[in-house]
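Asks: Pasting in a structure now, in structure tokens, and then I'll have a few things to ask.
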Amino acid sequence: MGMNTGLVIAGVAGATALAISAAAIPFVAPALRRVCIPYVPATTEQLANVSRALSLATSSNSNKKGTLIDLGSGDGRVVLQCAREGFNSTGVELNSILVAYSKYRSIREGLGKETRFMRKNIFKTDLNPYQTAVIFGAESLMGDLVPKLSEMRSNTNLLACRFPLPENDAWKLEHQIGEGIDAVWVYKRN
Amino acid sequence: MKLFVHNFMSSRFLKNVTVGYPLNLVVKQFVEKDIEFDRDNTIVMLDRIQYEALIVAAAAVNQSDRIPREKPEKWDELTDEQLRVFHHLLMNIDVIDGELICPETKTVFPIRDGIPNMLKVDAEK
């Protein structure tokens, strides 16, 4: 009898622990990712700097109105702005709430055809089709991104916002716009 | 910062933080906008939120009495009138000035001009 009671208690305790673990997954999941970065939306100043950077990056070639990807697109504000400026823009974001909101916002603003939003890990996204990439990263992320960004073809553009790329052979720094947290670094793929 | 944003923000990226969720929210100033209600989109958003955190956010803007204490079982069974309350909370309330506070370390992240600055303590990571 005592043995059975013990087994029941152990079973209940195990099931409870499992349920608690399952409930905690949405909150603990970021800890399991290779890089855990906070969500910080772009300010008006940053968006203005992105616009300036795009016009500089695409002035000397035919990339204008080309394909652009925002890596970690958040609430979609950068993607929508780039679409307004003539780019065929894609946003990649892990957070499903933000993806849902971005899609809703793009339709509401009449940009549903010019934009696309995907719930995807940026490290599992094929960057080869894109002529321009935008990344609002954290310092810890930029080093990890360099090998990933090498998927992009020669002569493509990269806009690194908030933090620059570490020195590397694949990307040549062409411009820096703004300073501090609003800074944008414009790179060209070698 | 729209209130739905609070729902997924955590301070898990800080050193020695295990869960860091939900962040405590202090609202000093907010505005109420009038974003068009869309039933389907509201349900899509509500399907993805953590209800306990929504209650925290609603309380921060003194509107916790407008939503049920327990999460409704099926969002699509709610009337438009009931869903509009959630839509208003999630989409129409914009926090302009305030603070997000890590529940474990009590680290304060300011919200200024509607932007939550989670990079303030980047050096602590």
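Asks: Hey, with R₀ at 41 Å, roughly what FRET efficiency would A:T44 and A:S154 work out to, going by the Cβ-Cβ distance, to 0.05? Walk me through the intermediate numbers first.
Replies: On the way: r = 34 Å, r/R0 = 0.82.
About 0.75, to the nearest 0.05.
Asks: Another question about this same structure. Taking loop as defined by DSSP and a crowding limit of 10 other beta carbons within 10 Å, which GluC sites (Glu not before Pro) in region A:110-172 fit? Let's see the in-between values first.
Replies: Values: sites: A:E114, A:E139, A:E151, A:E167; in loops: A:E114, A:E151, A:E167.
Passing both the DSSP loop test and the Cβ count: A:E167.
Asks: Given the Cα-Cα distance of B:N24 and B:D113 and 0.36 nm per residue of separation, how much length would full extension add, in nm?
Replies: Working: separation 89, 0.36 × 89 = 32.04 nm, distance 1.86 nm.
Gain in length upon complete extension: 30.2 nm.
Asks: Computed FRET efficiency, Cβ-Cβ of A:R84 and B:K15, R0 35 Å: what is it to the nearest 0.05?
Replies: On the way: r = 40 Å, r/R0 = 1.13.
After rounding, the FRET efficiency stands at 0.30.
Asks: May I pose another question? For A:R108 and A:H175 in the same chain, what is the full-extension length gain: residue separation times 0.36 nm, less their Cα-Cα distance, in nm?
Replies: Values: separation 67, 0.36 × 67 = 24.12 nm, distance 3.40 nm.
Here the answer is 20.7 nm.
Asks: Considering every residue in B:107-117, what mean count of other chain Cβ atoms within 10 Å of its Cβ is obtained?
Replies: Values: counts 0, 0, 2, 0, 0, 1, 3, 3, 6, 4, 5.
For this peptide, the per-residue mean of nearby foreign Cβ atoms is 2.
Asks: Find the all-direction average of the projected area of the Cα convex hull for region B:1-49, expressing the result in square nanometres with one decimal place. Each step should come with its number before you reach the end.
Replies: Details: hull surface 18.5 nm².
Averaging across all directions leaves 4.6 nm² for the Cα convex hull.
Asks: Report, in listed order, any pair from A:K124/A:K148; B:K15/B:K106; B:K28/B:K106; B:K71/B:K106 with a Cα-Cα distance greater than 20 Å. Before the final figure, lay out the partial values.
Replies: Working: A:K124/A:K148 9 Å; B:K15/B:K106 12 Å; B:K28/B:K106 18 Å; B:K71/B:K106 28 Å.
Correct reply: B:K71/B:K106.
Asks: Residue by residue through region B:84-89, which ³J(HN,Hα) values in whole Hz follow from phi under the Karplus form 6.51 cos²θ - 1.76 cosθ + 1.60 (θ = phi - 60°), with glycine and proline marked x?
Replies: 4, 5, 5, 4, 4, 4
Asks: Further question on the same structure: Under the Karplus relation 6.51 cos²θ - 1.76 cosθ + 1.60, θ = phi - 60°, what is the ordered set of whole-Hz ³J(HN,Hα) values for region A:101-110, x standing for Gly and Pro?
Replies: Working through the residues one at a time gives 5, 4, 4, 4, 5, 5, 5, 4, 8, x Hz.
Asks: Roughly speaking, what is the stretch gain from A:K120 to A:S96, that is 0.36 nm per residue apart minus the C-alpha to C-alpha distance, in nm to one decimal?
Replies: Details: separation 24, 0.36 × 24 = 8.64 nm, distance 0.92 nm.
That pair, A:K120 and A:S96, stretches by 7.7 nm at full extension.
Asks: Per residue of A:95-103, what is the mean number of Cβ atoms on other protein chains within 10 angstrom of that residue's Cβ?
Replies: Details: counts 5, 5, 12, 4, 2, 6, 9, 0, 2.
For this peptide, the per-residue mean of nearby foreign Cβ atoms is 5.
Asks: When a/c reaches 1.5 or more, the comparison of a/b and b/c decides; with that in mind, is chain B rounded, prolate or oblate per its Cα gyration tensor?
Replies: Numbers: a/c = 2.30, a/b = 1.69, b/c = 1.36.
Because a/c hits 1.5 or more and a/b exceeds b/c, chain B counts as prolate.
Asks: Using the Karplus curve 6.51 cos²θ - 1.76 cosθ + 1.60 with θ = phi - 60°, what ³J(HN,Hα) values do you get for each residue of region A:139-152, in whole Hz, with x for Gly and Pro?
Replies: 3J(HN,Hα) across region A:139-152, in whole Hz: 3, 5, 7, 4, x, 5, 6, 3, x, 5, 5, 5, 5, 6.
Asks: For a paramagnetic label modelled at 7 Å from the Cα of B:K33 toward its Cβ, which residues of region A:102-117 fall within the zone defined by backbone nitrogen distances under 18 Å?
Replies: What the label zone holds, given the 18 Å backbone N cut-off, is A:102-112.
Asks: Next question. So which GluC sites (Glu not before Pro) in region B:49-113 end up in coil per DSSP with only 10 or fewer other C-beta atoms within 10 Å? Each step should come with its number before you reach the end.
Replies: Working: sites: B:E52, B:E70, B:E73, B:E77, B:E81, B:E99, B:E104; in loops: B:E70, B:E73, B:E104.
Counting only loop positions with at most 10 other Cβ atoms within 10 Å, the GluC sites (Glu not before Pro) in region B:49-113 are B:E70, B:E73.
Asks: Consider a paramagnetic label point 7 Å from the Cα of A:S59 along Cα→Cβ; state which residues of region A:141-184 have an amide N under 17 Å from it.
Replies: Residues passing the 17 Å test: A:157-159, A:173-178, A:184.
Asks: Which value in deg cm²/dmol, rounded to the nearest 500, describes the helix-derived mean residue ellipticity at 222 nm for chain B, given -39,500 (n - 2.57) per DSSP H run of n ≥ 4 and division by the residue count?
Replies: Details: 4 runs with 32 residues, N = 125.
That calculation yields -7000 deg cm²/dmol at 222 nm.
Every number in this text was worked out from the coordinates using simple rules, so none of it is lab data. Model, not experiment: these values are computed from the prediction. Using ideal geometry, Cβ is built from the backbone for each residue, glycine included, and neighbour counts are taken over all protein chains shown.
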